[in-house]
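S.K.: If you scroll down you'll find the structure; I have some questions about it.
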């Protein structure tokens, strides 16, 4: 007894499963491209260099939250003298005013679902908030 | 101890990977040529292995029965541990493959000073084996986020479940902790148990060290030394769409990780890791115990010399006659 | 042997030796008592097996054929192509060690090469070097080693130190079956003339006379008549079963020890009483006078050769179906090999109990039914008149024999019978019965006297469980459904648990059966007085006192 049919069927299933990325992408069509981010029009300096932000922004925001919530320590000063409020809504989104064109691009590309928005309201355009007294001055 | 030779090989590989990952050319090789080679070896090797097994027949139905057979209608039979139908055998296999049912039976025997042998249930190996294999599977599936665009809903769902406790930032995946703990246990018992240490081969330690390296580099990238994930996904997508690219500045650690994953894939079909496929073909588990109800046909059946009744009667004729036992030829 | 006391034997050192397991060295002289004598040349010559000669494992030169390495290599290649089991088992073991302390020989000896995983590695290391890419290139690093004479000697020692009980296979996550590996390793050893006499003599006997013990037809008949006389003395019923009778409904085949040696003969007397009780139309055969099959411990070809007689005789006699007695490895062959090797038995009918009308659908193809299935059905249908109090002098436990338990799953039938025919039944601890049962220590041809130390060591887990119920429940009878058990367990329990006797299940059936026209029984089938009989004088005894 060989059960060749069953074994070949099993092998086919194995190959299909292992090659999921190849054929699923091919079926989806289109050439995948890295996300392009919409950068702030009138601000070129972030609170940290771009590479650092890219790697550790989630940890930065985490420490900001702790400072604000636990120590009520809302402001700090950068080396270049800018005074920064530890605020996602007012500081970050003050410049990066379109979440969908900035945050979401990479997060969606990598299936990251940060729980920022469990509490924070997604602002409609950041300028109003910045004018209300937050953000970087 | 044969662990040392395995460790030495892994350290050398690590050195090679580390140096190469620091150079552009090295990154290009590790990011394109090596993964293709590794996956090709993996697929071809596994198919060859399974076909190799399939070419040898199963001449006899040698089910290992672990429960009551089906005989008389009023005796309940163990349909899982002693299946009498093909579907029963399928159910037995499903439990075997997904839940390691046989390993669940594990006991530890001990000769007590009271001269009594006792057998205690010992599920630690079972727990560790399940923890390792399931964590590995979940981690592999989570990695689909680097290989698919758009990303199927399954992946974020898995991430949510895996990161359920929302500890640390980025969220700690339970499987990351589990796989390392399980691997360390599997390694630890091999080193600390005298019998296991005595029988273990370098080939038993090597995959453990490779997997630990993969897990460690992965964890470092996620929680400690960050790498550019967008670049990593670009590279991964390039590989699976056959337009390989090596973006700048992903980070050395990523290439070390990728190199060791490739080592694992390439090594897989030539090692004991083929149990992944072989477990399905074990004739003591995948056959129904219905031997007497349905004839199992073997493709080979040896011609043997037999002592026929006629020869026997001839040889013992006098004695048969004296004993008054009936004869065919008077 | 026998000089070592149980306390000495229990000083088991579980620490592995310092020497690497890949460098074999076995001092056969120092290990006397743990190996079996080689086959006598006359047996190999009779069977036409290769390389018959006088030799001893203690010799430096084993007188192997010049090209023995080539023969083994070719033999292994050939078997890898014929057995998927072998190929898969060679490739997929991960050496997790779950099997290690499941082997009775490891538990009893502490020898690491008795861990099933390492026993298999003895062969696997050769396979790796000769048949796998990594083994060829990397050698020892990949776990491969060269087949040297020392390795071969080690094979002889350890593959004739496995009883093919399959307990390890129950616990293996891949079901790797050391019995299968041992069977094939023994086939390879047979190719170069390395076999043991305790296997080859029965094989040669069985081929020639029809049974392992070499009992010729007239002696076969004498033995059975002697047992019938004994039965007449005990029960007052005279039974004369037919031999080689054509046209009977059922051919009844038992292991030859059942009509030859104590305590199997009492089981045989039980069978005879049962058939008389229900009026079964059956015949015995002096040609197919062996249920067992030592071919199972030799090679698949030999299994077929010896097993051939069963169907051939059933066909010649024109019976409807075959009933088989209590025997362990016999049932592994009947259940898992016979139909494939010597079937199809299309000249027979699906077994049907003439008393209850039950059709044994589970034997629809093989057409052979186990006596315990048959009797359990009789009991369930209330067809037997039984007086279980006649077994009241027995406190009974049941030893599941390896093959019926793990290659068949006949667990409840014998228990059902025992609970009906006796009043005091006690199970041994859970991890020592049913599919987890422990071997007697002397199966697969190892039940010889020169191997006694290893038998006692291997039998320790079984005996230890018997000791438990002996001390806790006063168990004094160890029942089983295996002829090898009935031969090997008595010395085992005498050594480890004095005060316990061994019997077959149908001996107790025979004790309990209330026969039409029987005289009042004062003893059981062994001639031992029944409980309570001594108190009230029997009619015969009263009569005698008047004389």
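S.K.: Quick one: grab the alpha carbon gyration tensor of the stretch C:13-112, order the square roots of its eigenvalues as a ≥ b ≥ c, and give me rounded if a/c is under 1.5, else prolate or oblate depending on whether a/b is larger than b/c.
M.R.: Oblate.
S.K.: Then there's this: Would you please put C:378-385, C:27-34, B:51-58 in order of how densely packed they are, using the mean number of other Cβ atoms within 10 angstrom per residue and starting with the highest?
M.R.: Numbers: C:378-385: 15.5, C:27-34: 14.0, B:51-58: 18.0.
By packing density, highest mean first, the sequence is B:51-58, C:378-385, C:27-34.
S.K.: Modelling each spin label as a point 7 Å along the Cα-to-Cβ direction, I'd like the residue C:14/residue B:48 distance in nm, to one decimal.
M.R.: 4.2
S.K.: Mean residue ellipticity at 222 nm from the helices of chain B, using -39,500 (n - 2.57) per DSSP H segment of n ≥ 4 over the full residue count, to the nearest 500 deg cm²/dmol?
M.R.: Details: 15 runs with 181 residues, N = 330.
Mean residue ellipticity, 222 nm, calculated: -17000 deg cm²/dmol.
S.K.: Does the stretch B:1-124 come out rounded, prolate or oblate, given a ≥ b ≥ c as the square roots of the eigenvalues of its C-alpha gyration tensor, rounded meaning a/c under 1.5 and, failing that, prolate meaning a/b above b/c?
M.R.: Oblate, since a/c reaches 1.5 and b/c is not below a/b.
S.K.: May I pose another question? Angle, helix B:252-267 long axis vs. longest principal axis of chain B, Cα atoms, 0 to 90°, nearest 10?
M.R.: Value to nearest ten degrees: 20.
S.K.: Can you say what percent of the DSSP beta bridges in the protein assembly as shown, counting only those with both residues inside, are antiparallel? Round to 5.
M.R.: Values: 13 of 33 bridges.
For the protein assembly as shown, the DSSP antiparallel bridge percentage is about 40.
S.K.: Averaged over its residues, how many other protein chain Cβ atoms are within 10 Å of peptide C:340-348's Cβ atoms?
M.R.: 3
S.K.: May I pose another question? For chain B, take the longest principal axis of its alpha carbons; what is the angle in degrees between that and the long axis of helix B:3-21, to the nearest 10 within 0 to 90?
M.R.: 40
S.K.: Taking the Cα atoms only, what angle lies between the long axis of helix A:50-71 and the longest principal axis of chain A, rounded to 10 degrees?
M.R.: Rounded to the nearest ten degrees, it is 60.
S.K.: State the antiparallel share, in %, of DSSP beta bridges confined to chain C, rounding to the nearest 5.
M.R.: That works out to approximately 15 percent antiparallel.
S.K.: If you take the Cα atoms of chain B, find Rg, then find the Kirkwood Rh from the mean of 1/r over all pairs, what is Rg/Rh?
M.R.: 1.14
S.K.: Also, quick follow-up: Need one number: convex hull volume per residue for the protein assembly as shown, Cα atoms only, in Å³.
M.R.: Residue-normalised Cα hull volume stands at 206 Å³.
S.K.: OK, next. If you count, for each residue, the other Cβ atoms within 10 Å and average over each peptide, how do C:480-492, B:150-162, B:128-140 line up from highest to lowest?
M.R.: Final packing ranking: C:480-492, B:128-140, B:150-162.
S.K.: By how many nm would the segment from residue C:148 to residue C:281 lengthen if fully extended, with 0.36 nm per residue of separation less the alpha-carbon distance? List each step's numbers first, then the result.
M.R.: Values: separation 133, 0.36 × 133 = 47.88 nm, distance 5.74 nm.
Going from the current span to full extension adds 42.1 nm.
S.K.: Sorted by mean Cβ packing within 10 Å, highest first, what order do the peptides B:226-238, C:406-418 take?
M.R.: C:406-418, B:226-238
S.K.: Calculated FRET efficiency, residue B:306 and residue A:101, Cβ-Cβ r, R0 51 Å, to nearest 0.05?
M.R.: On the way: r = 86 Å, r/R0 = 1.68.
E(calc), rounded to 0.05, equals 0.05.
S.K.: If I take R0 = 35 Å and measure r between the Cβ atoms of residue A:121 and residue B:243 in this structure, what FRET efficiency does the formula 1/(1 + (r/R0)^6) give, to the nearest 0.05?
M.R.: Between residue A:121 and residue B:243 the formula returns 0.30.
S.K.: Ignoring everything except DSSP H segments at least 4 long, calculate the 222 nm mean residue ellipticity for chain C; use -39,500 (n - 2.57) per segment, divide by total residues, nearest 500.
M.R.: The per-residue figure over chain C is -13000 deg cm²/dmol.
S.K.: Now, a different point. In nm, give the distance between the simple-model label positions of residue B:74 and residue A:65, each being 7 Å from the Cα along the Cα-to-Cβ direction.
M.R.: 6.8
S.K.: Further, regarding this structure: Starting from the Cα of residue C:23, step 7 Å along the direction of its Cβ; do the same at residue A:19; then give the gap between the two resulting points in nm.
M.R.: About 5.0 nm separates the two model spin labels.
S.K.: Out of the DSSP beta bridges found with both residues in the stretch C:203-512, what percent are antiparallel (nearest 5)?
M.R.: DSSP beta bridges in the stretch C:203-512 are roughly 5 percent antiparallel.
S.K.: Right, something else. Per residue of B:187-198, count partner chain C-beta atoms within 10 Å of its C-beta, then hand back the mean as an integer.
M.R.: 4
S.K.: Could you calculate the FRET efficiency of residue B:161 with residue A:39 from 1/(1 + (r/R0)^6), where r is the beta carbon distance between them and R0 is 35 Å, rounded to 0.05?
M.R.: 0.50
Any read-out appearing in this document is the output of simple, stated calculations on the displayed coordinates, not a laboratory observation. The structure displayed is predicted, hence computed values, not measured ones. No Cβ is skipped: glycine too gets one built from the backbone with ideal geometry, and neighbour counts run over all protein chains shown.
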